[in-house]
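This report concerns only the one structure given below.
The values are calculated or read from the model by the stated rules, or taken from the named source; none is laboratory data. The structure presented is a predicted model; accordingly, all values stated were derived computationally and were not measured. Every residue, glycine among them, receives a Cβ derived from its backbone with ideal geometry; neighbour counts consider all protein chains shown. We work out accessible area using only protein heavy atoms, side chains counted, and drop any ligands, DNA or RNA first. Shrake-Rupley method; radii C 1.70, N 1.55, O 1.52, S 1.80 Å.
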Amino acid sequence: GHGRHHFWLGLGRFELLEEAASFLGTTEAELREQLEDKTLAEIAEEQGKTSQGLVNQLVATQTKRIDEAVDAGRIADERATELKEELAERMQALVDGELRRDGDRERNRFWHGSNSPRAPPPFGGPPA
């Protein structure tokens, strides 16, 4: 029903950003600014952290929030289990920048990435 998405909104992107900022040793305001043209994963690496470390941190925090919501009777156990199962994937997507609203930038990044020297040539190289 209606409650499903609302619960995620309750956990809030903002709280996630706050959490990410504290993990990265920056402020939420600075983080938002950097997120204009970078992903959380890229910012983490610039700060000498790993994106996986950040994902783990966010998953741990959200798990705690979910447990608190269950204790408070706001959500049922089985809903909590579902949420936790989705957590790692959602946090990974958030850190990788896949939850960005503008698909264009993602597409540009993707194409831009294909031309980088590190990427393997598409379809195994130029036609013979």
Any idea which residue in segment 73-115 is surrounded by the fewest Cβ atoms within 10 Å (Cβ to Cβ), counting only those that are in a loop (DSSP other than H, G, I, E, B) and modelled with pLDDT of 80 or more? G73
Those residues that are more than 15 Å from L16 (Cβ to Cβ), free of Cβ contacts under 8 Å to residues at least 40 places away in the same chain and either open to solvent by less than 60 Å² (accessible area, probe 1.4 Å) or in a helix (DSSP H, G or I) (or both), I need them from segment 54-72; list them, please. D67, E68, V70, D71
